[in-house]
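Chemist: Sharing a structure below in structure tokens format, with a few things to ask.
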């Protein structure tokens, strides 16, 4: 059984699944950072809200299945994720990722997301697939 997630991390995943950018933003510290592949650094609760509101539009359907949880002694959390979604224009996207949360004072201070961005670009048709 996976370890219980700290409240702000559980709140983040709940808000992602419910497409609620305000609830998602409330999980972050005012000066939080989100490091998302192929994107500029997103800094500040308001900018994080805006960014995720765009993600929710881009992926008309999305689900992050947490497959593993790792917690440090100081409360930081890493989650292995299986993402399955569909873009607004009907492209199916499936990949595995790792989300690393720095949690301080019951808020997410930093979120770093790692996944194979070339694979995602191929699924979106923005990068040719390597053929053999």
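Chemist: All but one of (1) within 28 Å of residue 126 (Cβ to Cβ); (2) in contact with a strand residue (DSSP E or B) (Cβ under 7 Å, 6 or more places away or on another chain) hold for residue 53, so report the exception by its number.
Modeler: It fails just one condition, (2).
Chemist: Moving on. Among 106, 74, which is more than 17 Å from the chain's Cα centre (by Cα), surrounded by fewer than 14 Cβ atoms within 10 Å (Cβ to Cβ) and touching a residue at least 24 places away in the same chain (Cβ under 8 Å)?
Modeler: 106 is the lone residue from the list that is more than 17 Å from the chain's Cα centre (by Cα), surrounded by fewer than 14 Cβ atoms within 10 Å (Cβ to Cβ) and touching a residue at least 24 places away in the same chain (Cβ under 8 Å).
Chemist: What number goes with the only condition from (1) within 17 Å of the chain's Cα centre (by Cα); (2) in a loop (DSSP other than H, G, I, E, B); (3) without any contact (Cβ under 8 Å) to a residue 12 or more places away in the chain that residue 47 does not pass?
Modeler: Here residue 47 clears every test but (2).
Chemist: Let me ask something else. Given the conditions (1) in contact with a helix residue (DSSP H, G or I) (Cβ under 8 Å, 6 or more places away or on another chain); (2) at pLDDT 95 or above; (3) exposed (fewer than 15 other Cβ atoms within 10 Å of the Cβ), and given that residue 94 satisfies all but one, which numbered condition is not satisfied?
Modeler: (2)
Chemist: Identify, by number, the condition in (1) more than 30 Å from residue 126 (Cα to Cα); (2) modelled with pLDDT under 95; (3) out of contact with any strand residue (DSSP E or B) (no Cβ under 9 Å at 6 or more places or on another chain) that residue 76 doesn't meet.
Modeler: (3)
Chemist: Just the residues that are outside any helix (DSSP H, G or I), at pLDDT 95 or above and crowded, with 18+ Cβ neighbours inside 10 Å, please, taken from the range 1-41.
Modeler: Within the range 1-41, 27, 28, 29, 32, 33, 34 qualify.
The values are calculated or read from the model by the stated rules, or taken from the named source; none is laboratory data. Keep in mind it's a predicted model, so treat the numbers as computed, not measured. Counting neighbours? That spans all protein chains shown, and the Cβs are built from the backbone with ideal geometry, glycine included.
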